[in-house]
Amino acid sequence: MTLALELKGVSKHYPQFSLSDLSLTLPEGQIMGLVGVNGAGKSTLLRLLTGLAAADSGQIEVLGHRLPAAQVAVKRGVGFASEDMRLYRGQTLDWHIELVRRIYPEWDASYAASLMRRFDLRADQPIGGFSHGQRVKALLLLCLARRPKLLLLDEPTTGLDPVARAEVLESLAEVLRDERRSVLFSSHNTHDVEQLADSIAFIHRGRLLACADKERFLGDWRRILCMGEATPELSAWPELAQLRSAGRQIELKVRRWQDDIPARLTQAGLDVQRVDPMALEDIFVTTVRAGGAA
Amino acid sequence: MKLDLNWPTIRLLVVKDWQLFQKQLAAYVLGGIVALGFLGLAKPWAFYIGSLLLIIVQVAVACFAISTSLLIERKEQTLAFVMSLPVSPLDFTIAKLAGNLLTFLVPFAVIGLATLLVILSTPLPDGLVVFALLLFGHILLAYCASLTVAMQVESEGWNTFVMIASMVLINPFIMLLGQIESIREVGRGEAIVWSGDAVLILSAQLLLGLALLAFTAWWNGRKPAFY
């Protein structure tokens with residue numbers, strides 16, 4: 001299995017924030033969604049993966065190159081767009097395309113033209129006249145048309161209206177049809193992640209809480225509603241991520257679902273009312289509140 | 001030590017800076033020509049207005065080059081876009097220094113040479129050449145100091161302070177030159193005489209400016225990453 005990126009025990013310390021002992025791999029052709037609240041460390045992680053920041057300890061390899069030493073080689077193969085990245089307001093999109101095209105020989109002019117039509121962007125319009133959504137789409141166009149082997153996107157859909165968001169997600173989905181292209185994108189919007197990602201990583205306060213296939217994530221978690229009395233033994237079950245009770249009604253959130261759990265709950269004196277799958281957002285919030293592995 | 005620099009991208013980034021600011025720089029050159037027009041009248045009142053305007057234009061060119069290509073790019077977050085391109089911190093530093101020097105030195109040199117031409121071709125005393133070059137030397141040194149600080153320090157407040165302080169020092173510098181007899185007397189005569197004091201001051205300005213730029217390149221270039 002070829003890895004698009006690999007982090008081993010990576011730490012990065014800032015005065016107000018630390019990313020601690022982070023290990024993560026992304027196989028080639030996979031799409032990973034990085035989920036975390038604002039300030040969780042997503043942007044720091046992506047800066048480390050582009051070589052913009054150097055880790056204090058640990059090892060980072062991207063597209064087979066060690067970072068930050070080979071950052072120029074890495075940046076040739078990586079398309080990176082972040083929420084805090086801006087284009088030159090006084091210059092047109094054409095001017096930006098010309099700059100990027102001359103740097104990247106792999107620039108695909110016909111693909112750029114098709115993206116321009118899809119995103120409804122005007123090449124001769126100064127960027128200063130673009131809406132926020134158009135600016136994001138212009139930045140994505142500059143990333144996508146260079147045909148990178150790895151796309152690193154930091155909050156690509158933040159601040160977009162629903163139509164622009166759908167267009168961006170559709171374009172990303174199209175890019176991802178190429179089986180050799182890998183994508184790591186961060187978001188605090190779990191719906192976007194659920195829609196696009198093959199695998200999901202939860203990051204919180206600079207630590208990786210969980211990382212697994214999306215199907216496994218969604219398959220492992222259940223929300224169970226029961227009636228009865230919650231016993232201290234029940235709280236100690238390792239499968240349980242959260243237990244809340246209101247009167248005789250008990251809500252359980254299970255992180256490692258097994259088919260025999262309803263029967264075990266019945267044995268514990270509870271009346272199982274319903275078992276539901278959980279949405280990614282609920283899984284994320286529960287994981288963060290539980291403060292541990294999903 | 002072998003320097004593995006990405007010259008094609010560095011060149012593109014320098015051209016980019018030039019393209020971004022060429023219109024405004026042309027306007028500054030125009031301002032310089034107006035100032036020289038006053039100087040060329042060789043009347044006391046016109047000389048006063050012209051020399052003041054000339055200093056203002058040169059100082060403005062220096063501040064504009066630094067603030068637009070570094071401070072405003074940092075503030076408007078376009079630097080993040082540039083840093084995401086295949087460049088190392090050393091490539092970026094060289095591109096920024098070269099781009100900045102180009103956007104400053106071209107109008108600075110055009111206005112500077114035009115000033116010498118005006119002094120030499122009008123009734124103004126030719127000895128003023130020494131005085132003018134020493135003033136331009138000060139602006140060049142102040143520019144190098146401001147550029148050095150702008151490359152290291154992100155604080156807008158500190159950058160503004162250094163830019164204003166270093167440029168405003170031209171006033172005491174003019175007074176200092178007026179106190180040095182060998183320079184003061186030459187400025188009133190027709191002969192262009194480079195006294196030991198004048199050579200020493202100009203050499204110190206140039207060497208110190210170069211040292212600051214070299215330090216900036218070394219300091220930024222040794223970083224393994226941008227953050």
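If you take the residues of segment A:50-60 that are of a type outside the set (Gly, Ala, Ser) and out of contact with any helix residue (DSSP H, G or I) (no Cβ under 9 Å at 6 or more places or on another chain), which of them is farthest from the other protein chains (Cβ to nearest Cβ)?
Across segment A:50-60, the extreme among qualifying residues is A:GLN59.
Check A:GLY29, A:GLY33 and return the single one that is more than 8 Å from chain B (Cβ to nearest Cβ) and either assigned to a loop (DSSP other than H, G, I, E, B) or free of Cβ contacts under 8 Å to residues at least 24 places away in the same chain (or both).
Criteria check complete, one pass: A:GLY29.
Report yes if some residue within segment A:10-22 is more than 14 Å from chain B (Cβ to nearest Cβ), acidic (Asp, Glu) and in a strand (DSSP E or B); otherwise report no.
Within segment A:10-22, one or more residues are more than 14 Å from chain B (Cβ to nearest Cβ), acidic (Asp, Glu) and in a strand (DSSP E or B).
Give segment A:151-171 a look and list any residue that's in contact with an Asp or Glu (Cβ under 7 Å, 6 or more places away or on another chain) and surrounded by 19 or more Cβ atoms within 10 Å (Cβ to Cβ), or say none. Walk me through how you get there before you give the answer.
Going through segment A:151-171, the residues in contact with an Asp or Glu (Cβ under 7 Å, 6 or more places away or on another chain) turn out to be A:154-155, A:157-158, A:169.
Passing the criteria: A:ASP154, A:GLU155, A:THR157.
From (1) within 14 Å of chain A (Cβ to nearest Cβ); (2) not in a helix (DSSP H, G or I), pick out the condition that doesn't hold for B:ILE10.
So the condition that B:ILE10 fails would be (2).
Quick check on this structure: which one of B:PHE81, B:PHE38 is within 14 Å of chain A (Cβ to nearest Cβ), surrounded by 19 or more Cβ atoms within 10 Å (Cβ to Cβ) and among the aromatic types (Phe, Trp, Tyr)? Let's see the steps before the verdict.
Working: B:PHE38 fails: within 14 Å of chain A (Cβ to nearest Cβ).
So the residue among B:PHE81, B:PHE38 that is within 14 Å of chain A (Cβ to nearest Cβ), surrounded by 19 or more Cβ atoms within 10 Å (Cβ to Cβ) and among the aromatic types (Phe, Trp, Tyr) is B:PHE81.
In this structure, does B:VAL130 turn out to be surrounded by 20 or more Cβ atoms within 10 Å (Cβ to Cβ) and within 14 Å of another protein chain (Cβ to nearest Cβ)? Walk me through it before giving the result.
Values: surrounded by 20 or more Cβ atoms within 10 Å (Cβ to Cβ): yes; within 14 Å of another protein chain (Cβ to nearest Cβ): no.
Criteria not met by B:VAL130.
Can you find a residue in segment A:41-50 that is in a loop (DSSP other than H, G, I, E, B) and touching an Asp or Glu at 6+ places or on another chain (Cβ under 7 Å)?
We begin by selecting, within segment A:41-50, every residue in a loop (DSSP other than H, G, I, E, B); these are A:41.
Next cut, touching an Asp or Glu at 6+ places or on another chain (Cβ under 7 Å) only: none.
No, that holds for no residue.
Listed residues B:ILE72, B:ILE111, B:ILE94, B:ILE66; which is in a helix (DSSP H, G or I), β-branched (Val, Ile, Thr) and free of Cβ contacts under 8 Å to residues at least 12 places away in the same chain?
Details: B:ILE111 fails: free of Cβ contacts under 8 Å to residues at least 12 places away in the same chain; B:ILE94 fails: free of Cβ contacts under 8 Å to residues at least 12 places away in the same chain; B:ILE66 fails: free of Cβ contacts under 8 Å to residues at least 12 places away in the same chain.
The match here is B:ILE72.
Just one of the numbered conditions (1) free of Cβ contacts under 8 Å to residues at least 40 places away in the same chain; (2) assigned to a loop (DSSP other than H, G, I, E, B); (3) under 26 Å from A:LEU3 (Cβ atoms) is not true of A:ALA173; which one?
If we test A:ALA173 against (1) free of Cβ contacts under 8 Å to residues at least 40 places away in the same chain; (2) assigned to a loop (DSSP other than H, G, I, E, B); (3) under 26 Å from A:LEU3 (Cβ atoms), just (2) comes out false.
What's the total number of residues in segment A:126-170 that are at positive phi and in contact (Cβ under 8 Å) with a residue 60 or more places away in the chain?
We begin by selecting, within segment A:126-170, every residue at positive phi; these are A:147, A:155, A:159.
So of that shortlist, the ones also in contact (Cβ under 8 Å) with a residue 60 or more places away in the chain come out as A:155, A:159.
Going through segment A:126-170 one residue at a time, the tally reaches 2.
Throughout, read-outs are computed from the coordinates displayed, never taken from laboratory work. Keep in mind the model is a prediction, meaning the values are calculated, not measured. No Cβ is skipped: glycine too gets one built from the backbone with ideal geometry, and neighbour counts run over all protein chains shown.
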